[in-house]
Amino acid sequence: MKYRNYPMVSRVVFGRGSFDQLDEILAAKRKGRNAPFIFYVDEVFKGNHWLTSRITLSYKDKILYIPTKEEPKTSQIDKYVEDIILEFSELPSGIIGIGGGIVMDIAKAVSLMLTNKGESKDYQGWDLIKYPAVYHVGIPTISGTGAEVSRTTILTGPERKLGINSDYTPFDQVILDPELTKDVPKNQWFYTGMDCFVHCVESLTGTYLNAFSQSYGEKAFQLCKEVFLGNDLSKEESQDKLMMASWHGGMSIAYSQVGVAHALSYGLSYLLGVKHGIGNCIVFNHLEDYYPEGVALFKEMKQEHQIQLPQGICQDLSDEQFNIMIDVALSLDPLWENAIGKNWKTIITRSKLLDLYKKM
Ligand code: NAD
Ligand code: ZN
């Protein structure tokens, strides 16, 4: 096939307070008393009546609170799937993820692995999933990753950190309620928001760019500038706009790719467990040779919001450890090809990556 035929999220609600409609939306999808809805909810909402009182449990429905100190692992997904299979006699009516990129990715991955046999590590890659997932719903409570629109769920497996990219991965339903983001701590708001900004820069400057990606990328880029550099937005406007920036940023990379920042940040994450948002910030801060304008804007945003990034996180690493990170980064061919071009292997050397990692 010359041009990829991409699936999209089939239904989306947008609006402040739209989370109130969750029950009604799900009711239409219930398959019976023995087919529960399983809600994965970020642990940060445990005991938060404002949010949890709007999730009504019927029959065998269940809420699981998910710790988000670490990014999802394939073994964790396999465990959640096994728990569901052992506990219930029928497949769930639906899997609902309420949280940031971590929880949304968990919901996507569990819904896929309930209908596809074996271990999730064997599906990391492109188009390895054979059967449609269980109905799955994504409800972001922090904005930036674009996980709510993407056709991937990013997992760390025994060998690599890589997404399960498939036509069955995107959510069947997304609820975009910007009010859910009201209590995100400031640093985290910046880190996850910058994930979106970096997606835009990597997409817009990439060699894969086409008018489809550009149209979404430019919109997201403009919204990020309004949110992070403008000073005339109300809190509500800022939340609304960042949620839409995340959506557009995610759409922009659907038909292109990310680039240098993500490649290096995957290395940090794999070896040191550095989380995606902050990892991208740590890396992007040193990428002026690759993205001069984007990095200059990033530094302005960082200054404006008085964000201090951790420094020296690689200072005590051994040669062997640097090599592991470099291997992970260099294994991501499509990212480099997008960033640099087909001849990237003649331009990107191990010593260039080593120099960059040593600065971080
Ligand atoms: P996250 O899910 O780790 O959440 C960050 C922190 O914010 C957590 O501590 C969480 O408890 C807290 N939080 C979330 N909502 C909150 C709220 N409303 N109030 C208070 N605290 C809140 O962070 P993230 O940056 O959204 O996601 C990162 C993950 O997303 C990584 O695992 C990354 O691999 C993945 N990712 C996936 C895609 C994709 O397309 N599937 C794209 C980019 C990133
Ligand atoms: Zn990202």
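No lab work stands behind these numbers, since they all come straight from the coordinates. Every value quoted in this text rests on a predicted model; they were computed, and no experiment measured them. Neighbour counts are summed over all protein chains in view; Cβ atoms, including those assigned to glycine, are modelled from backbone coordinates with ideal geometry.
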Report task. Can you tell me how much longer the chain between Arg54 and Ala296 gets when fully stretched, taken as 0.36 nm per residue apart minus their C-alpha distance, in nm with one decimal? Result -> 82.9 nm
Query raised in the report: Of all chymotrypsin sites (Phe, Trp or Tyr not before Pro) in the range 192-247, which ones are in loop regions per DSSP and have a Cβ with at most 12 other Cβ atoms within 10 Å?
Result: none
Report task. Report the calculated FRET efficiency for Arg4 and Lys79 (r = Cβ-Cβ distance, R0 = 35 Å), to the nearest 0.05. Result -> 0.60
Query - Qualifying lysines (Cα of each under 23 Å from Cα of Lys73; at least 8 residues distant if same chain) - result: Lys46, Lys62, Lys108, Lys117, Lys121, Lys130, Lys161, Lys275
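For the range 1-91, which chymotrypsin sites (Phe, Trp or Tyr not before Pro) are both in a DSSP coil and crowded by at most 10 other Cβ atoms within 10 Å?
On the way: sites: Tyr3, Phe14, Phe19, Phe37, Phe39, Tyr40, Phe45, Trp50, Tyr59, Tyr65, Tyr80, Phe88; in loops: Tyr3, Tyr59, Phe88.
Qualifying residues, ordered by number: Tyr3.
For the range 207-342, what Kirkwood radius comes out of the mean inverse Cα-Cα distance, in Å?
Working: mean 1/r = 0.0616 Å⁻¹.
Answer for the range 207-342: a Kirkwood hydrodynamic radius of 16.2 Å.
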Requested in this report: Note the angle between two axes, namely the Cα long axis of helix 292-304 and the longest principal axis of the Cα atoms of the chain, as a number of degrees from 0 to 90, rounded to the nearest 10.
Outcome: 70
Query raised in the report: Using bins 10 angstrom wide from zero, how does P(r) for the range 225-265 break down, in % of all Cα pairs?
Result: 26, 37, 30, 7
Report summary line: For the range 306-360 the translational diffusion coefficient, Stokes-Einstein from a Kirkwood Rh over Cα pairs at 37 °C and viscosity 0.692 mPa s, in µm²/s, is roughly 263
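Report the full-extension gain for the segment Ile25 to Tyr131: residue separation times 0.36 nm, less the Cα-Cα distance, to one decimal in nm. Show your work: numbers first, answer last.
Values: separation 106, 0.36 × 106 = 38.16 nm, distance 2.39 nm.
Taking 0.36 nm per residue and subtracting the Cα distance, the gain is 35.8 nm.
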**Report entry** Computed over the range 266-306, Cα set: Rg, Dmax in Å
**Finding:** 11.2, 31
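For Thr115 and Ile63 in one chain, what is 0.36 nm times their gap in residues minus the Cα-Cα distance, to one decimal in nm? Don't skip to the end; give the middle numbers.
Working: separation 52, 0.36 × 52 = 18.72 nm, distance 2.06 nm.
That works out to 16.7 nm of additional length.
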Query - Mean Cα-pair separation over length for the chain, i.e. relative contact order, pairs under 8 Å, 6 or more apart, % - result: 15
Query raised in the report: According to the Cα gyration tensor, what semi-axes, each the square root of 5 times an eigenvalue, does the equivalent ellipsoid of the range 149-277 have, listed from largest to smallest in whole Å?
Result: 24, 18, 16
Query raised in the report: Regarding the range 160-199, what is the average projected area of its C-alpha convex hull, in nm²?
Result: 4.6
Query raised in the report: Any idea what log10 I(q)/I(0) is at q = 0.15, 0.18, 0.19 Å⁻¹ for the range 1-109, Debye with uniform C-alpha scatterers and no solvent?
Result: -0.73, -1.02, -1.12
Query raised in the report: Of the GluC sites (Glu not before Pro) in the range 40-84, which ones lie in a loop per DSSP and count no more than 12 other C-beta atoms within 10 Å?
Result: Glu70
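Given 37 °C and 0.692 mPa s, how large is the Stokes-Einstein diffusion coefficient of the range 89-199 in µm²/s, with Rh as the Kirkwood radius over Cα pairs? If you can, show how the numbers build up before the last one.
Values: Rh = 14.4 Å.
For these conditions, the coefficient is 228 µm²/s.
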**Report entry** Values of log10 I(q)/I(0), in the order q = 0.06, 0.07 Å⁻¹, for the chain under a Debye, Cα-only, solvent-free model
**Finding:** -0.21, -0.29
Query raised in the report: Excluding same-chain residues fewer than 8 positions from Lys359, which aspartates and glutamates have a Cα within less than 19 Å of its Cα?
Result: Glu288, Asp289, Asp316, Asp319, Glu320, Asp327
Query - Local electrostatic count, Lys69, Cβ distance below 13 Å [Lys/Arg +1, Asp/Glu -1] - result: -2
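Under the classification rounded if a/c is under 1.5, otherwise prolate if a/b is larger than b/c and oblate if not, where does the range 92-146 fall, given a ≥ b ≥ c as square roots of the Cα gyration tensor eigenvalues? Could the numbers behind the result be given before it?
Numbers: a/c = 2.57, a/b = 1.53, b/c = 1.68.
Cα axes put the range 92-146 in the oblate bin.
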